[in-house]
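The values are calculated or read from the model by the stated rules, or taken from the named source; none is laboratory data. The structure displayed is predicted, hence computed values, not measured ones. Cβ: placed from backbone, ideal geometry, glycine included. Neighbour counts: every protein chain shown. Ligands, DNA and RNA are stripped out before the accessible areas are found, and what is left, the full protein with its side chains, is counted by its heavy atoms. Shrake-Rupley method; radii C 1.70, N 1.55, O 1.52, S 1.80 Å.
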Amino acid sequence: MAEAVVDTVTSVPVAVVGAGPAGLMLAHLLGRAGVATVVVDTRTRHEIETTQRAGILEAGAARDLVETGVSDRVLHEGHEHEGIELRFGGRPHRIDFKELVGASAWLYPQTDVFTDLANARDRDGGTVLFGVKDTEVLDITTAAPRVRVTASDGTRHEIRARYVVGADGSRSTCRDLVPEDRRVRYGKEYPFAWFGIMAEAPTSAPELVYAHSEHGFALISRRTETVQRMYFQCGPDESAAAWTDDRIWETLQARVAGRDGFRLREGRILERTVLRFRSFVQEPMRWGSLALAGDAAHTVPPTGARGLNLALHDVKVLAGVLLRALGGAGDSALDDYQPRALQRVWRAQNFSSWMTRLLHTAPGDDAFDLRRQLGELDNVAGSRAGRTYLAEQYTGWPTGA
């Protein structure tokens, strides 16, 4: 069969499929070391910037944005959280990260991380093609893989590379390139979802509130001083449009109610959505000249705030092994990527699953299950060892761990 006609051919050491935070951070790290990349994404920049996503950054991830020259905006517009509040049994219980493990977490939306990285790529002259279609990744079992896309103006482009990185999110097509008989997929579907809202309202609490009640789970977060982000547990097939504002606020207030009289500060609801989630890992994370990173290789439920941090950790490790491979070590350098990435992935899967089971009410749970959860929460919040475990897991581990 004849090769399709292309309008332009570009040769770079690394082609990246996916221009979310993982793909752009990888391109940024490689660019700082003098390695050129081309990044492509089927979404437009506007689509990515206006898709609201939560964002809790480990202190290390926030530090990387600043120290690698992406932006220091996280320090000025993000919110450093030195702890979180667990609400259960009608009472608040603060987990003091700073006191327990000497670390913090940063509330900084994923959309802002994306904007910082996209601006850094523009500033540094990086090539990012948004809004492409007809993406093809070819010849990944050779030393000369190619990526073909049709640009938004209709022109057909071919990117010739030594390595291709699939960072194309939870609906990745790159991960399907690993032969079916050579890949293993692990996963778990959860029998509930999150109903998320953005509300024009004052801040209700200085730190994130994770609430457990007989009515189900709720998470109280924030976006700015006047716009708040909140979630509550719902059925996976719930229709966001079917809920009135009054019903939403009544549900949230019931989930956080307690003996201390705590109430959320209400306001106009700007946005509502139902977020389904699951746990997923695909192995291997590398096949031939293709490596997978971020949600293309693994997803976690959002309860443990690990997803964005895992993606950024993946590409930090991957940038190092790619630089070694391109610097003369060859493909053998890439052998280090999967074991280093997967160790953290499975630790995060464990923590995210644990937090999810700890705080949510599953269909069929009875009074025993509710009381058992309260006992476990009491074990966590009521002992220094339990609080330290949660703080250490939530704020993250060193890059090598």
Legend entry - Which numbered condition A103 fails, given (1) modelled with pLDDT under 95; (2) over 25 Å from the mean Cα position of the chain (by Cα): (2)
Inset, instruction - Out of the residues in segment 174-227 that are touching a residue at least 40 places away in the same chain (Cβ under 8 Å) and of a type in the set (S, T, N, Q), state the one that is farthest from E266 (Cα to Cα). - result: S213
Legend entry - Residue in segment 270-280 that is farther than 26 Å from E214 by Cα and within 17 Å of the chain's Cα centre (by Cα) present: yes
Legend entry - Breaking point among (1) surrounded by fewer than 24 Cβ atoms within 10 Å (Cβ to Cβ); (2) of a type outside the set (A, V, I, L, M); (3) in contact (Cβ under 8 Å) with a residue 24 or more places away in the chain, for G23: (1)
Inset, instruction - Taking the options V281, V300, name whichever one is surrounded by 24 or more Cβ atoms within 10 Å (Cβ to Cβ), within 22 Å of A19 (Cα to Cα) and touching a residue at least 12 places away in the same chain (Cβ under 8 Å). - result: V300
Inset, instruction - From V39, V74, V35, grab the single residue that is open to solvent by less than 60 Å² (accessible area, probe 1.4 Å), under 28 Å from V12 (Cβ atoms) and not in a strand (DSSP E or B). - result: V35
Inset, instruction - Count, please, the residues in segment 42-67 that happen to be crowded, with 16+ Cβ neighbours inside 10 Å, at pLDDT 95 or above and in a loop (DSSP other than H, G, I, E, B). - result: 2
Inset, instruction - Name the one entry in D295, D314 that is open to solvent by 30 Å² or more (accessible area, probe 1.4 Å) and either touching a Gly at 6+ places or on another chain (Cβ under 7 Å) or not β-branched (V, I, T) (or both). - result: D295
Legend entry - Single match in T141, T127, T111 (criterion: under 25 Å from the mean Cα position of the chain (by Cα) and open to solvent by 20 Å² or more (accessible area, probe 1.4 Å)): T127
Inset, instruction - Check V165, V209 and return the single one that is closer than 26 Å to A325 by Cβ, open to solvent by less than 50 Å² (accessible area, probe 1.4 Å) and touching a helix residue (DSSP H, G or I) at 6+ places or on another chain (Cβ under 9 Å). - result: V165
Inset, instruction - Name, by its number, the condition in (1) in contact (Cβ under 8 Å) with a residue 40 or more places away in the chain; (2) part of a loop (DSSP other than H, G, I, E, B); (3) open to solvent by 30 Å² or more (accessible area, probe 1.4 Å); (4) of a type outside the set (D, E) that does not hold for L264. - result: (3)
Legend entry - Answer residue from segment 152-166, given it is small (G, A, S) and out of contact with any strand residue (DSSP E or B) (no Cβ under 6 Å at 6 or more places or on another chain) and is farthest from V16 (Cα to Cα) among those: G154
Legend entry - D369 being open to solvent by less than 10 Å² (accessible area, probe 1.4 Å) and charged (D, E, K, R): no
Legend entry - Matching entry among T251, T226 (being surrounded by fewer than 17 Cβ atoms within 10 Å (Cβ to Cβ), among the polar types (S, T, N, Q) and out of contact with any helix residue (DSSP H, G or I) (no Cβ under 9 Å at 6 or more places or on another chain)): T226
Inset, instruction - Exactly one condition in (1) open to solvent by 10 Å² or more (accessible area, probe 1.4 Å); (2) of a type outside the set (D, E); (3) not in a loop (DSSP other than H, G, I, E, B) is not met by V16; state its number. - result: (1)
